[in-house]
Amino acid sequence: MLKIKTAKFVKSAVDVNGLLRGTPSVVFAGKSNSGKSSLINMLLNNSKLARTGQTPGLTQCVNYFDVSSSINNINKNFFFVDLPGYGYAKSGKAKTKDFSALVEAYLTDNSDIKQLFLLIDIRNGASDNDRMLVNFLNYHQVPFTVIATKADKLSKVQQFAGRRVLAGDLAIGEQNILITSSQTKQGRDDVLSLIEQKIN
């Protein structure tokens, strides 16, 4: 099993010139209220590393975190990359366009991306933006898995039903959707196991 040793914030890129290259990366994408920062903190066992807040759109740049880990006693270093959340209401259209261009530039030059996680609140289902991103990832052959977040809000039966709906809506297999909760740490081992496969 992948063991996280340390993690630290590296930088925030606000434009294409600030994007970092050359390090294997695990990427987190999704709507502003999908729980990206909470999931990152849960995976890294650090409740304060990635910023969380009540205001959608708090993450408006590409944030890099350096993760030091070990797999079978072999040290592995890689980035967690938190992409700007889309669909935030408090930013103007011009900014939304800029951030979309930044994300597109990052994802199309994707040789460093070992895995992308698309986070979707399991209670709300997929949005038009989620579907657009899935089409974009498929077109550019970016490896991705959907993470259905905030599962603690639902019963087990509702969780499985929600995953089935997401799979049909996004035209992907249910096996490509992991159910998680940052509150209860449900799904943490499943996500870390997948990261291990991609990084190892």
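The values are calculated or read from the model by the stated rules, or taken from the named source; none is laboratory data. The structure displayed is predicted, hence computed values, not measured ones. Positions of Cβ are generated from backbone atoms using ideal geometry, with glycine treated the same way; all protein chains shown enter the neighbour counts.
Values for this structure:
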{"read-out": "Qualifying residue in the stretch 95-102 (condition: modelled with pLDDT of 80 or more, surrounded by 14 or more Cβ atoms within 10 Å (Cβ to Cβ) and out of contact with any Phe, Trp or Tyr (no Cβ under 9 Å at 6 or more places or on another chain))", "value": "yes"}
{"read-out": "Residue, modelled with the lowest pLDDT, within the stretch 79-94, restricted to residues that are closer than 18 Å to S127 by Cα and of a type in the set (G, A, S)", "value": "A89"}
